[in-house]
Every structure is written in C-alpha cells, then in structure tokens.
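FYI, it's all coordinate maths here, none of it is from the lab. This structure is a prediction, so every number in the text was calculated from the model and none was measured. Backbone-built Cβ (ideal geometry, glycine too); neighbour counts: all protein chains shown.
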Amino acid sequence: MRLLFKFNLIFLVVFVAGVLGAGKVSYDLLQANAKEEVLNHARLTMEKAVAVRSYTNDQIRPLLETQMKYTFLPQTVPAYSATEVLAMLSKNFPDYTYKEATLNPTNPRDRAVDWEADIVNRFRTQADKKEFVGERDAGTGRSLYIARPLRITNAACLACHSTVEAAPRTLIDKYGQANGFGWQMNEVIGAQVVSVPMAVPLARAEQVFKVFMASLIGIFVAIGIVLNLLLYLLVIRPVTRLSKLANRVSLGELDAPEFATHGHDEIGMLAQSFARMRHSLDHAIKMLET
C-alpha cells in the first residue's frame with residue numbers, strides 16, 4: 001500500500017468524522033437557536049397581551065363605568081381588549097395567534113378546544129406552574145405555543161362571574177346566563193395561549209446548516225488537495241527518487257548520479273546518510289579490488 005494512499009485513507013477517516021461531528025453539533029445548535037428565536041417571539045406577543053390587559057383595566061375601564069350601567073361594553077374587559085388587539089395583528093401575521101382559552105367563558109369565542117383544555121387542566125392540577133411551553137401541529141405547520149394561567153386574583157372579577165343573580169343585568173342581556181358563572185377566588189379558569197409558527201426560523205436554520213456544511217466540506221477538500229500536493233513534493237517525490245537511486249546502487253551501478261539535496265529536514269538527512277553509505281561502499285569495493 002503506497003504512502004500517499006495510506007495518508008489519504010487516514011485523512012478521509014478524519015474528514016468524515018470531523019464533518020459528522022461538526023454537522024451534529026452545528027445542526028443541534030442551529031435548531032436550538034431557531035426554537036429560542038420562536039420562543040422569544042411568543043413571549044414578546046404574550047407581553048403585548050399582558051400590557052393591553054393592564055392598560056384596559058387601569059385606564060379604559062374606569063372611564064366607561066357610567067355607560068356600563070346602561071349597556072355592557074366588552075371593550076372594558078381586559079381579555080376582550082387583548083384578544084381584539086392581537087387579532088388585528090394576526091391579520092398581517094395569520095400564523096401568530098392569541099387566545100384566552102377558558103373552560104367556562106362568558107364569550108363563546110374564548111371557549112377552550114381540546115388541546116387548550118388540557119393545558120388549563122394542567123395549570124389547575126399544578127398550582128405552582130407559571131408557564132408551559134410546547135409544540136403542536138397546526139394547520140399551517142409546526143407551531144410553538146406558550147401558555148400562562150388565568151387565575152382569579154381580583155375579587156372585582158366575581159362581581160360578574162360568581163352567580164347569575166350577582167351579575168350585572170347588562171352582561172346577562174348581552175351574553176345570556178348559561179356561561180361564565182361559578183368562578184371562585186384563586187381558581188384557574190383558563191390560560192393565555194400564544195402560538196407562533198416555527199416553519200420560517202427552522203427553514204432558515206436548515207439553509208444556514210446547508211451553507212455551513214458545504215463550506216466545511218469545501219474547506220476540507222481544499223486542505224486535502226494542498227496536503228496531498230505538499231506530501232508529494234516534499235516527501236513522496238524525493239523519497240521515490242532516493243529509492244530508485246538506492247535500487248540502482250544495490251544492483252552494482254556505482255556510476256549512478258549523486259542524489260542532489262540541499263535541505264536540512266528529515267529527507268535531507270536521509271539523503272546525506274545514503275550518500276555516506278554509498279561512499280563507504282565505494283571505498284570498500286576499491287579496497288577489495290586492490
């Protein structure tokens with residue numbers, strides 16, 4: 001097996017191991033970064049909803065208390081305002097959704113579907129849990145969701161949701177008396193759920209991964225070509241010439257030319273050793289002839 005073939009075989013093994021290792025690490029890192037980017041978008045959307053809820057409760061609701069005596073205005077409800085504002089946002093970003101999923105809502109559009117109800121029930125059974133993050137298959141592809149519990153911590157909420165008799169007449173006139181009652185203090189009645197698509201960040205991560213792997217393979221190939229060239233010029237070619245010269249001398253061709261070398265590396269030292277051996281051989285033969 002020739003030296004150049006052995007070198008390339010070892011280089012190929014190192015190349016494959018390096019590419020597979022770097023590919024695994026970079027792929028996992030890019031996927032993790034893409035998911036972190038999606039999660040940050042989801043949390044930002046969630047904070048927008050929280051901000052709208054606070055603004056509605058602190059600044060809008062007090063201004064409309066008088067009108068609420070004559071007609072129920074859903075715009076004074078923080079959940080309604082947050083849902084409406086983010087619904088407007090979803091017109092431009094239809095894959096971004098926000099919902100205040102509730103098990104027993106006053107407004108039917110807030111009723112939790114199966115997977116949302118599962119999240120709400122998890123919050124109800126795990127009282128110390130402040131947030132759930134997960135993935136699910138949506139109609140447009142894979143989505144990441146973030147959910148936070150909706151817990152009754154303000155006694156003012158029970159004025160509308162404790163019993164039908166205690167609820168404002170304007171609320172009953174608008175939504176009826178079938179839903180949205182029986183809530184209790186400190187009870188988890190629903191969850192804020194934000195869903196963000198993962199397709200774009202993951203596709204971008206895949207594209208970056210492909211470019212990185214192509215660049216890595218290209219660099220390895222270029223290094224392999226340069227190393228092969230250097231190995232041939234600095235090692236293979238002089239060793240081959242020295243081997244042929246040694247073979248001629250071993251067959252009795254004492255008039256074979258000297259191996260010319262000016263290097264001080266291992267090849268040069270080998271050539272100098274061969275030259276001394278040849279001179280010693282010439283001297284020994286001349287002594288035998290005399």
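If we count every other residue with Cβ under 13 angstrom of Glu47's Cβ, Lys/Arg +1 and Asp/Glu -1, where does the sum land?
Net of charged neighbours comes to +3.
Place +1 on the Cβ of every Lys and Arg and -1 on the Cβ of every Asp and Glu in the chain, take the dipole about the Cα centre, and give the residue among Val221, His161, Ala22 whose Cα lies farthest towards its positive end.
Val221
Report the gain in length on full extension from Asp95 to Leu227: 0.36 nm times residue separation, minus Cα-Cα distance, nm rounded to one decimal.
42.4 nm
Could you tell me which residue out of Asn57, Ala112, Thr170 lies farthest along the dipole of region 18-199 toward its positive end? Charges go on the beta carbon: Lys and Arg +1, Asp and Glu -1, centred on the Cα centre.
It is Thr170.
Subtract the Cα-Cα distance of Arg241 and Asp128 from 0.36 nm times their separation in residues, and report this length gain in nm to one decimal. Write down the numbers at each step before the final one.
On the way: separation 113, 0.36 × 113 = 40.68 nm, distance 7.92 nm.
Full extension of this stretch gives 32.8 nm more.
Taking 4 °C and 1.567 mPa s as the conditions, I'd like the Stokes-Einstein D for region 128-207 in µm²/s, using the Kirkwood hydrodynamic radius from alpha carbon pairs.
84
Can you check what the net charge comes to around Gln75, using other residues whose Cβ is under 11 Å from the Cβ of Gln75 (Lys, Arg +1; Asp, Glu -1)?
Working: positive: Arg61; negative: Glu84.
Residues close to Gln75 contribute a combined charge of 0.
For region 18-199, what is the charge dipole size about the Cα centre, in debye to the nearest 20, if Lys and Arg each add +1 at the Cβ and Asp and Glu each add -1 at the Cβ?
Working: 21 positive and 20 negative charges, 27 e Å.
Using only the charged Cβ atoms, the result is roughly 120 debye.
What list of ³J(HN,Hα) couplings, whole Hz, do you get for region 15-31 from phi and the Karplus terms 6.51, -1.76, 1.60, once you set θ to phi - 60° and write x for glycine and proline?
So the J values, rounded to whole Hz, are 4, 5, 5, x, 5, 5, x, 5, x, 5, 5, 5, 5, 4, 5, 5, 5.
How big is the gap, in Å, between the Cα center of region 73-118 and the Cα center of region 211-228?
52
Could you compute the FRET efficiency for Met277 and Val16, with r as their C-beta to C-beta distance and R0 at 41 Å, rounded to 0.05? Spell out each step's value before the answer.
Numbers: r = 42 Å, r/R0 = 1.02.
It comes out at approximately 0.45.
Which three semi-axes in whole Å describe the equivalent ellipsoid of region 18-199, each the square root of 5 times a Cα gyration tensor eigenvalue, listed largest first?
In descending order, the three semi-axes are 37, 17, 14 Å.
If R0 is 45 Å, what FRET efficiency do you get for Arg43 and Met269 from their C-beta distance, rounded to 0.05?
0.10
With unit charges on the beta carbons (Lys and Arg positive, Asp and Glu negative) and the dipole taken about the Cα centre of the chain, which residue among Ser81, Tyr98, Met185 sits farthest to the positive side?
Positive-most Cα among the choices belongs to Tyr98.
Compute the helix-to-body angle for 266-289: its Cα long axis versus the longest principal axis of the chain, expressed 0 to 90° and rounded to tens.
20
Spelling out what I want: for every residue of region 53-63, take phi, set θ = phi - 60°, compute 6.51 cos²θ - 1.76 cosθ + 1.60 (Karplus), and round to whole Hz; glycine and proline get x.
Using θ = phi - 60°, the values come out as 4, 5, 4, 5, 5, 8, 10, 7, 4, x, 6 Hz.
How large is ³J(HN,Hα) for each residue in region 187-204, as worked out from phi by the Karplus curve 6.51 cos²θ - 1.76 cosθ + 1.60 (θ = phi - 60°), to whole Hz, x for Gly and Pro?
My calculation for region 187-204 gives 8, 7, 9, x, 8, 7, 10, 10, 10, 10, x, 9, 4, 5, x, 5, 5, 5 Hz in order.
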